[in-house]
Ligand code: FAD
């Protein structure tokens, strides 16, 4: 394993107020490992606006780690998006993951659900305008984006985000190293030069895999699904998920990934174990 592989984590704001203390504990444990940043998700249409802001503010005020706030622009006017960015900026946040956000359930015609900002690239430009020195990340999709009408559209979108001022990209989760490595090669051929950090989610149960596939629209990884389904109990499934995530981490780093971003699911033990077994942090 390469020395000094940068790593980062994603958490989501607590779904209920009584889960906040547990999340703060998890954040402290993640911060102790020394990540580059911890990202906090944002519910499209502002559903988690207050709790996301509370969470990034907690990280900023109580750890030495830079919080990186996800923000979405779907369904908002330009003025509303600017107020949102200024609100996070005013709380001291200087790192963002600029996203368009998903269509609300039931939306059909694409233009119907979009607001004034039609793509994440436009949100990148807005953040750059409000905060010229911000660190701005964007999303990238190794399997393409589910809404893409033709292959390669996702690369046009990523190129547009780079041209608007994005500093780096974080990928949607994927299950095989070559999905990421081939995607990076295609991106480079399309003139995309920003770092592309692989997003890795340890899939420690068959039910979690089913939920992820449902939410993301990714293809089910058949061999991983079979292994999880055949495993007897929870512990055996956890071990399979850990092994898979460790092998994936090692392979993408060996293939040249500039770091790894782990989807923590608001639990510290699994992602820290992945990094430890992959030789990125000491046990
Ligand atoms: P865009 O880059 O705007 O792309 C949307 C669609 O339009 C794609 O099909 C794209 O190919 C097409 N497109 C855009 N611009 C162009 C162009 N110039 N040329 C051709 N095609 C174009 N969602 C949340 O609601 N909250 C979160 O916190 C959140 N976090 C995420 C974190 C990561 C790492 C990732 C990978 C996704 C996350 N998402 C989150 C999901 C994301 O909001 C959805 O996938 C959304 O549908 C697309 O967002 P985007 O930023 O990629 O949009």
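Just so you know, all these numbers are worked out from the coordinates, no wet-lab data involved. Note that the structure is a prediction, hence the values are computed from the model and not measured. Here the Cβ is made from the backbone with ideal geometry for all residues, glycine too, and neighbour counts use every protein chain on show.
Within the stretch 38-143, considering only helices (runs of 4 or more DSSP H) that don't extend past its boundaries, which have at least 2 residues that are surrounded by 16 or more Cβ atoms within 10 Å (Cβ to Cβ) and in contact (Cβ under 8 Å) with a residue 24 or more places away in the chain?
Per the criteria, 49-62, 78-90, 120-130.
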Item to complete: Mind counting the residues in the stretch 168-203 that are more than 21 Å from residue 70 (Cα to Cα) and more than 14 Å from the ligand (Cβ to nearest atom)?
Response: 12
Worksheet entry | Qualifying positions in the stretch 53-87 - under 14 Å from residue 98 (Cα atoms) and within 11 Å of the ligand (Cβ to nearest atom) | 68, 69, 70, 71, 72, 73, 74
Worksheet, complete the sentence: Within the stretch 129-143, the count of residues that are under 14 Å from residue 84 (Cα atoms) and either touching a helix residue (DSSP H, G or I) at 6+ places or on another chain (Cβ under 7 Å) or near the ligand (Cβ under 8 Å from one of its atoms) (or both) comes to 2
Worksheet item: Restricting the first residue to the stretch 166-190 and requiring it to be more than 15 Å from residue 251 (Cβ to Cβ), which pairs with a second residue that is part of a helix (DSSP H, G or I) and within 15 Å of the ligand (Cβ to nearest atom) meet a Cβ separation below 7 Å and a spacing of at least six or different chains?
Response: 166/124; 169/158; 172/216; 186/155; 187/155; 187/158; 190/155; 190/159
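Looking at the stretch 144-167, can you tell me whether even one residue there is in a strand (DSSP E or B), near the ligand (Cβ under 10 Å from one of its atoms) and under 15 Å from the mean Cα position of the chain (by Cα)?
Scanning the stretch 144-167, I find no residue that is in a strand (DSSP E or B), near the ligand (Cβ under 10 Å from one of its atoms) and under 15 Å from the mean Cα position of the chain (by Cα), so the answer is no.
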